[in-house]
Amino acid sequence: MNTARPGGDWYERATVRGTPRRTLDGELEAGRHFFPPTLVPYCGHPRVRELPEPARAALLARHLYHYLGFTAQFETRVVNRATERIAGGRSGMDLPTATRLDAYRIYCDEGYHSLFSLDVVDQIARASKIPPLAYDFGPYLARLDAVGEHALPDEPVLARLLQVVVFETLITAILNDVPKDPRVLTLVRETVRDHARDEAWHHAFFTRFFRELWARESAGRRERIARCLPGLIRSSLLPDLRPVRASLAAAGLGPRAVAEVVRDAYPADTVDEGIRASSRQAVHLFEEAGVMDVAGGREAFEAAGLPPRPGPPRTPPPDPG
């Protein structure tokens, strides 16, 4: 694996190494948003607009809490359980020390992302008196793990490596758009900007890692990987609506109103378009690596609503097995 890496100056540039703790600093009184309303699908729904302003503000706060709470759980329970295998030499691949060191750096980054995510929730909850709702990450994790258990039943390590490759090569609007919105609390914008800065080189690392993994696989395993990847993309990006329903109920909406808002705010075609947009770079990586060229690969992506770009067929890489 190429050791010329964006993470080479990690000791100077990583958030955990050189960035101060982000603090709230009294901004609540300035009327800033907790989260960009444009990134909350239900924010403009008539039922939500009818709520009193404090209830609408609390919805934005809880949306932020869920985003950060999810981040804290995902980084440690999904990303780092695979990254630690790469770092510790237990990935099933013979990797150079430089690659393993980078994996340990990412492990440190992700642990710090979890720390500062919970720290931001705690700071804002204490200052605003808007408590976070309980969140159980277990059902999301079970849904994600089920994809690998079905497609790669005898390859649990490989399935978890693919989980982290998929997630670290997705591009979502939050990391790009939140830091640019001056209406949002500076604490939130700076925290998301810090996260995005680290994730840029994580993306590069896992792009290279997947290319190396794919090049080493036999034809049979490539076919299984190709069938697994679309499900991992969709499972990673499907919205978890349990916290949305809980937050709308906490805002004072009854069960029928909650169901109406969720139905209207998350129609299937809009959700599918969001998945396609966020996964574009990941799908492009897999297409360039040759995933679409193995038997059933292109069909698996098309069946999942993730069609690769049209174009002439590529020449598949040689089968090392």
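The values are calculated or read from the model by the stated rules, or taken from the named source; none is laboratory data. Here the structure is a predicted model, which means the values were calculated and not measured. Ideal geometry is used to build each Cβ from the backbone, glycine not excepted, and the neighbour counts take in all protein chains shown.
Quick notes on this one:
- Every condition in (1) assigned to a helix (DSSP H, G or I); (2) within 30 Å of Pro308 (Cα to Cα); (3) within 17 Å of the chain's Cα centre (by Cα) holds for Asp264 except the one numbered (3).
- Those residues of the range 116-172 which are part of a loop (DSSP other than H, G, I, E, B), over 24 Å from Ala251 (Cα atoms) and aliphatic (A, V, I, L, M), in sequence order: Leu152, Leu170, Ile171
- Within the range 131-161, the set of residues being of a type in the set (A, V, I, L, M), surrounded by 18 or more Cβ atoms within 10 Å (Cβ to Cβ) and out of contact with any helix residue (DSSP H, G or I) (no Cβ under 6 Å at 6 or more places or on another chain) comprises just one member, Leu158.
- Summed over the range 288-310, residues that are farther than 12 Å from Gly231 by Cα and not in a helix (DSSP H, G or I) total 8.
- Close pairs (7 angstrom Cβ cut-off, 6 or more residues apart or separate chains): under 18 Å from Leu241 (Cα atoms) and free of Cβ contacts under 8 Å to residues at least 40 places away in the same chain in the range 44-73, in a loop (DSSP other than H, G, I, E, B) and of a type in the set (Phe, Trp, Tyr) anywhere: Leu60/Phe34; Leu60/Phe35
- Matching entry among Thr186, Thr207 (being of a type outside the set (A, V, I, L, M), in contact with a helix residue (DSSP H, G or I) (Cβ under 9 Å, 6 or more places away or on another chain), touching a residue at least 60 places away in the same chain (Cβ under 8 Å) and under 30 Å from Arg56 (Cα atoms)): Thr186
- Filter pass, Arg227 being of a type outside the set (Val, Ile, Thr), modelled with pLDDT of 95 or more, within 24 Å of Gly297 (Cβ to Cβ) and in a helix (DSSP H, G or I): yes
Here's the yes/no breakdown for (1) at pLDDT 95 or above; (2) of a type in the set (Asp, Glu):
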| position | (1), (2) |
| --- | --- |
| Ser114 | yes, no |
| Pro131 | yes, no |
| Gly138 | yes, no |
| Asp145 | yes, yes |
| Ala159 | yes, no |
| Ile171 | no, no |
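- Of Glu50, Glu12, Glu29, all but one fail to be surrounded by fewer than 18 Cβ atoms within 10 Å (Cβ to Cβ) and closer than 28 Å to Arg256 by Cβ; the exception is Glu50.
- Output for the range 173-198, where each listed residue is in a helix (DSSP H, G or I) and among the charged types (D, E, K, R): Asp177, Lys180, Arg189, Glu190, Arg193, Asp194, Arg197, Asp198
- Residues in the range 104-115 that are under 29 Å from Ala251 (Cα atoms) and either among the hydrophobic types (A, V, I, L, M, F, W, C) or exposed (fewer than 15 other Cβ atoms within 10 Å of the Cβ) (or both): Leu115 alone.
- Looking only at residues of the range 177-216 that are aliphatic (A, V, I, L, M), farther than 20 Å from Asp119 by Cβ and surrounded by fewer than 21 Cβ atoms within 10 Å (Cβ to Cβ), we find that the one that is modelled with the lowest pLDDT is Ala200.
- Candidate set: the range 214-224, residues that are among the small types (Gly, Ala, Ser) and part of a helix (DSSP H, G or I); chosen: the one nearest to Glu288 (Cα to Cα): Ala215
- Residue that is nearest to the chain's Cα centre (by Cα), among those in the range 175-222 that are among the hydrophobic types (A, V, I, L, M, F, W, C) and closer than 22 Å to Gln123 by Cβ: Leu175
- A count restricted to the range 61-109 and to residues that are farther than 17 Å from Val16 by Cβ, of a type in the set (Gly, Ala, Ser) and under 15 Å from the mean Cα position of the chain (by Cα) stands at 2.
- Among the residues listed as Thr97, Thr76, Thr83, the single one being buried (at least 23 other Cβ atoms within 10 Å of the Cβ) and either in contact with a Gly (Cβ under 6 Å, 6 or more places away or on another chain) or at pLDDT 95 or above (or both): Thr83
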